[in-house]
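The structure appears below as structure tokens.
The values are calculated or read from the model by the stated rules, or taken from the named source; none is laboratory data. Just so it is clear, the model here is predicted, and its values are computed rather than measured. No Cβ is skipped: glycine too gets one built from the backbone with ideal geometry, and neighbour counts run over all protein chains shown.
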Amino acid sequence: MSNIDKQALREAAEKALLAGDGKWSVWREAGQKYPEIFTSSGHIVATVNGAFPVARSDFIAAANPKAVLALLDELEAAEKRIADYQDLISGLVGVSSSILREVERINKAAGTAKGE
């Protein structure tokens, strides 16, 4: 996801949320060919036409500002956990290296004591 400007996406979603547009829904009136996506405050986000307008409008409505912010929060938390695990693994590698050196020193000392 390195090609996505997560900060710009977060800022855009927060602006939309401040405008009262946090949750979106699809409106399909009987006989209406193209569904419309509305904000929680009643403003039209989009009218979806072309191929598969119902499936596309459902996706657009689901990808609302609240959902985007939740996904960004989850991504940020996952990235932090990964960094924490990487630090932990680095520490364990350092400790295991120290233990191996100590075992080698003890084995060498034990071999010297036996007259090897």
Options Ile37, Ile99: the member that is at negative phi, in a helix (DSSP H, G or I) and at pLDDT 85 or above: Ile99
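In segment 35-63, what residues are among the charged types (D, E, K, R) and touching a residue at least 24 places away in the same chain (Cβ under 8 Å)? Show your work before the answer.
First, the residues of segment 35-63 that are among the charged types (D, E, K, R): 36, 56, 58.
The answer is Asp58, and nothing else.
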Extreme residue, farthest from Val68 (Cα to Cα), among residues of segment 36-50 that are of a type in the set (Val, Ile, Thr) and crowded, with 16+ Cβ neighbours inside 10 Å: Val48
Pairs with Cβ under 6 Å, 6+ apart, first in segment 1-24 and in a loop (DSSP other than H, G, I, E, B), second of a type outside the set (Ser, Thr, Tyr) and surrounded by 15 or more Cβ atoms within 10 Å (Cβ to Cβ): Gly22/Pro65; Gly22/Lys66; Lys23/Asn64; Lys23/Lys66
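Residue-wise test of (1) surrounded by 11 or more Cβ atoms within 10 Å (Cβ to Cβ); (2) among the aromatic types (Phe, Trp, Tyr).
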| site | (1), (2) |
| --- | --- |
| Arg10 | yes, no |
| Ser25 | yes, no |
| Tyr34 | yes, yes |
| Phe52 | no, yes |
| Ser57 | yes, no |
| Glu79 | yes, no |
| Leu92 | no, no |
| Ile99 | no, no |
